[in-house]
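What follows is a single structure, written as structure tokens, with notes after it.
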Amino acid sequence: MYKILVADDEEDFLKAISIRLKNAGFEDILVRDGKELIDKVGDVKPDLIILDVMMPNMDGFEAIKILKSKEDTKDIPIIFLTAGAFDFAEVIDDLASGQDFMLKTVDSDKIIERIEMLLEKD
């Protein structure tokens with residue numbers, strides 16, 4: 001069973017994505033900010049990370065820089081998710097560090113499709 005680590009500060013989103021991931025046959029691990037993600041990722045060893053861009057304590061951009069700088073986490077596929085708006089020109093290098101980028105408003109089936117595509121799940 002693939003493990004998906006989801007980092008997001010919105011409780012409703014975490015509940016919804018957890019249900020959807022479990023229904024699709026994935027194990028979900030939920031954290032509420034980038035710092036908690038960094039603290040947990042080594043123990044959990046996820047197959048894929050869903051990472052919100054805007055979070056308290058440590059945002060997704062800071063978290064991905066740390067993840068990509070470490071040998072044991074640099075190759076974990078990452079899907080950025082956000083509901084917020086920001087200046088793409090300023091963050092394009094950070095976004096390029098992820099394997100995918102989606103808006104939270106996207107249909108949950110699309111998120112599962114992207115996860116399966118990145119994991120090459122049958």
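The values are calculated or read from the model by the stated rules, or taken from the named source; none is laboratory data. Model, not experiment: these values are computed from the prediction. For neighbour counting, all protein chains shown are included, and Cβ atoms are generated from backbone atoms with ideal geometry for every residue, glycine included.
Could you please give the count of residues in region 65-81 that are of a type outside the set (Lys, Arg) and farther than 18 Å from ILE111 by Cβ?
Let us first name the residues in region 65-81 that are of a type outside the set (Lys, Arg), namely 66-67, 69, 71-73, 75-81.
Checking which are farther than 18 Å from ILE111 by Cβ leaves us with 66-67, 69, 71-73, 75.
Qualifying residue count, region 65-81: 7.
What number of residues within region 15-34 satisfy the criterion of being surrounded by fewer than 18 Cβ atoms within 10 Å (Cβ to Cβ) and not hydroxyl-bearing (Ser, Thr, Tyr)?
Within region 15-34, residues that are surrounded by fewer than 18 Cβ atoms within 10 Å (Cβ to Cβ) and not hydroxyl-bearing (Ser, Thr, Tyr) number 8.
Could you grab the pairs with beta carbons closer than 6 Å, sequence gap of 6+ or different chains, first residue in region 59-76 and under 19 Å from ASP9 (Cβ atoms), second one among the small types (Gly, Ala, Ser) and not in a helix (DSSP H, G or I)?
These pairs meet every condition: ILE64/SER97.
Determine the pairs where a residue that is surrounded by fewer than 23 Cβ atoms within 10 Å (Cβ to Cβ), located within region 39-53, has a partner that is acidic (Asp, Glu) with Cβ atoms under 7 Å apart, the partner being 6 or more residues away or on another chain.
GLY42/ASP72
Sort out for me the strands (runs of 3 or more DSSP E) sitting completely within region 6-122 that have 1 or more residues that are among the charged types (D, E, K, R) and at pLDDT 85 or above. Walk me through how you get there before you give the answer.
Working: elements: 27-31, 48-52, 78-82, 100-103.
So the answer is 27-31, 48-52.
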